[in-house]
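What follows is a short report on a single structure.
The values are calculated or read from the model by the stated rules, or taken from the named source; none is laboratory data. Owing to the predicted nature of the structure, the values given are computational and were not obtained by experimental measurement. Neighbour counts run over all protein chains shown; Cβ positions are idealised from the backbone, glycine included. Areas reflect the complete protein model, heavy atoms only, side chains present, ligands, DNA and RNA absent. Shrake-Rupley method; radii C 1.70, N 1.55, O 1.52, S 1.80 Å.
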Amino acid sequence: MGLLGWPLLALMLMLAVGCPAACVLLWVRVHGLFALPARVSLVVASQVAAVLAVGVVVNDKYQFFASWSDLIGGQNGTNTPIEQPNYGGPPMAGGPPRNDFRPGPDHTLEATVVGTGSRIRSKIWVWLPPQYRTQPRRRFPVVELFSGYPGTPETWFHAMQGPKKLQKAMNTGAAQPYILVAPTITVQPGHDTECVNVPHGPKVATWLTEDVRRIITSNFRTLPGTDSWGTMGYSTGGFCAAKLPVQYPKLFRAGVSIAGYFSPFTSALARLPGENVPALIRQRHPHVDLLLAASKQDPGTVGSVGTMVKVARPPTLVYTYVVPRGGHNTGVWAAMLPKCFQWLTTELAHGH
């Protein structure tokens, strides 16, 4: 039984109802020496069942943990020696061998791959627009999607409704079709590396930039050049979506940070040179554009946006998109996506 989906939800809700019912029915039926511990056990079981049910419901909605392995800290991505990926299909013309991307849930493709630069082995999810199939000679720009922590890239295709929001914007002519790429950013479950090349640890920034780009361009019809790649992320992923274009301006043209922050929360990572985004902008003035989205009822993110606006100078351009209401949750962020995709359409190269 998976950690997400209705089977576990139904089981936990039945337990949450069944345990108090059992407590009422059995309360007067237990007697003698074991009456007190039995009754205490019934009460504790009822409370535990209620707490677990709430946890499962919240996790199913926001998808903090996608699997039991994520929850208990199993290894789905490590800084291991390079292994030969499981290739499927012939090489693309003029390029390296194709990795084995297979159909996944929600009309996605997925593969577990190895980054040649980072030596990280982890999963990538890809969504292709309908035009990818109907226009077989066309190449497309790419938007790399980053999730929060704890969380999973699959949230982009469930709670965030990324493809659905993009298609809504495409149908109105506000956005062009993109290849959406959602790589794993928590390559060591239980450890928030905040998209950083950790000293003596996983090279997550290299994985998300050079490795993911190499893998995607080897497998799919992407447009060449810096102007064809953008980033988008929420919460911790919003930090990544702003930081990586500033760090790697030769790989990304634009980034969208939704409810993000701009300096690592983890103290050890915050002390690393080159990880504070405002300081990087002051030092390098990279030729990238950033859209910073936030809600006034999520005050920490609004303050961070204000800091970024103060430090930005051309050729770095910072745009803002602040809504009046909403907390730090996927419901607020998903509602922002159509305008975010519309903005990216003004920044990135168009498919042809």
Surface accessible to a 1.4 Å probe, per residue, for the residues of region 140-240, Å²: 27
Förster radius 35 Å - calculated FRET efficiency between residue 116 and residue 227 (Cβ-Cβ, nearest 0.05): 0.90
Roughly how many debye, to the nearest 20, is the charge dipole of the chain about its Cα centre, given +1 on each Lys and Arg Cβ, -1 on each Asp and Glu Cβ, and no other charges? 620
Distance in nm between label sites at residue 282 and residue 174, each 7 Å beyond Cα in the beta-carbon direction? 3.6
How much length is gained if the chain between residue 31 and residue 13 is pulled fully straight, taking 0.36 nm per residue apart and subtracting their Cα-Cα distance, in nm to one decimal? 3.5 nm
As a test of reading the structure, rank 127, 27 by solvent-accessible area (1.4 Å probe, protein chains only), most first. 27, 127
Within the set 123/243; 203/243; 203/250; 168/250, which residue pairs have Cα atoms separated by over 23 Å? 168/250
Rounded if a/c is under 1.5, else prolate if a/b is larger than b/c, else oblate: which is region 212-284, with a ≥ b ≥ c the root eigenvalues of its Cα gyration tensor? prolate
Spin-label model distance (nm) - residue 297 vs residue 102, 7 Å beyond Cα toward Cβ: 4.3
Neighbours of residue 194 by Cβ distance under 14 Å: Lys/Arg at +1, Asp/Glu at -1, summed charge +1
Length-normalised contact order of region 292-349 in % [C-alpha pairs under 8 Å, at least 6 apart]: 39
Cut-off 20 Å, label 7 Å out along Cα→Cβ of residue 265, residues of region 284-308 by amide N: 292-308
Radius 15 Å from Cβ of residue 313, net charge of other residues (Lys, Arg +1; Asp, Glu -1): +2
In the chain, which helices (entire DSSP H runs) extend 20 Å or more along their own long axis, judged by Cα positions, while averaging at least 1.0 on the Kyte-Doolittle scale? 6-27, 35-62
Taking 0.36 nm per intervening residue step and subtracting the Cα-Cα distance, what contour gain separates residue 44 from residue 191 on full extension? 49.8 nm
Determine, for each peptide in 177-188, 106-117, the mean count of other beta carbons within 10 angstrom over its residues, then list the peptides with the highest first. 177-188, 106-117
Could you sort the peptides 262-271, 210-219 by per-residue average Cβ neighbour count (10 Å cutoff), highest mean leading? 210-219, 262-271
Pop a pseudo-label 7 angstrom from the Cα along the beta-carbon direction at both residue 52 and residue 346 and give the gap in nm to one decimal. 5.1
Here the gain from full extension of residue 319 to residue 335, 0.36 nm per residue of separation minus their alpha-carbon distance, amounts to 4.0 nm
Value of relative contact order over the chain, rounded to a whole percent, pairs C-alpha under 8 Å and six or more apart: 15
